[in-house]
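This report concerns only the one structure given below.
Derivation of every value follows stated rules applied to the coordinates shown; laboratory data play no part. In this text the structure is predicted, and so the values were computed from the model without any measurement. FYI the Cβ positions are ideal-geometry reconstructions off the backbone, even for glycines, and counts take in every protein chain you see.
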Amino acid sequence: MGRVIRLAACLLREGRPLGVSEIARLLALPKATVHRLLTALVAEGAVTRFGALYDISDRTWCLLDAAAAPQHAHLRTVLAPHVMELFHHTRHSASLAVLRGTTVFHLERLQTRTGPPQLANHAPAHATATGKALLAQHADIHQFLDAAALPAFTRQTITCPVGLGEELVAIRTRGVAYDHGEYADGQVGMATAVHGPPGRPVAAIGVSGPRGGFDFASVEPVLRRITHTASTALRRAGSG
């Protein structure tokens, strides 16, 4: 049981899909042992397999949220003021999110009165700006995309792994992710990753609004400036 908990904590801590070899190295366990534990966890639905990579399942993430509460509380404490600043400067909904597998979970969300209600605390990473901003930071994302399901939510959703892979390369180059109504019709937005020590992406800050009233050109420099300041603040405060 102790090894199972250590393995789950490792996946939760890293916040990205990992292969058997990397997990074995991080936990100082034989690869055969890690593979056996992962096979059992996949069978129980606690871990999801993406090709040769493994990650905490969405169901387990909900159960382990309490274990991650200190880290999330730290992120909220340091980054919530920057989300508030973005909200006030742009007059659009702003959010702070973390990535777990194929899903982004919102740690902080400020909504305008005119925006559509967002009842769920999570969203598909491939169809959201915050999710794509974080997916773009992973070096092994192409292997992950080969096995990941990419369901469509609107006509704009990118459902082709090759197309999404190209989009993520572009996001990594320009440093900002766009949502052109890929999750909800008529709602657009953008996001950038927040980097903690030692430069590792740990969260994303995003801003969204109705297509007709969202000016990408004027919002983007504000988002970039605030996210840069947020990353600096997080590095100074420590990763939690």
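Side notes on the structure shown:
- Spin-label pair residue 232/residue 89, simplified geometry with 7 Å Cα→Cβ offset, distance in nm: 1.2
- The chymotrypsin sites (Phe, Trp or Tyr not before Pro) of the stretch 137-240 include none that meets both criteria, a DSSP state outside H, G, I, E and B (loop) and at most 10 other C-beta atoms within 10 angstrom of the site's C-beta.
- Under-5 Å amide H pairs with residue 179, H placed in peptide plane, nonlocal only: 189, 190
- J(HN,Hα) series, the stretch 182-190, from Karplus relation 6.51 cos²θ - 1.76 cosθ + 1.60, nearest Hz, glycine and proline x: 7, 10, 9, 4, x, 10, 10, x, 8
- Estimated inter-spin distance, residue 217 and residue 36, nm [label 7 Å along Cα→Cβ]: 6.3
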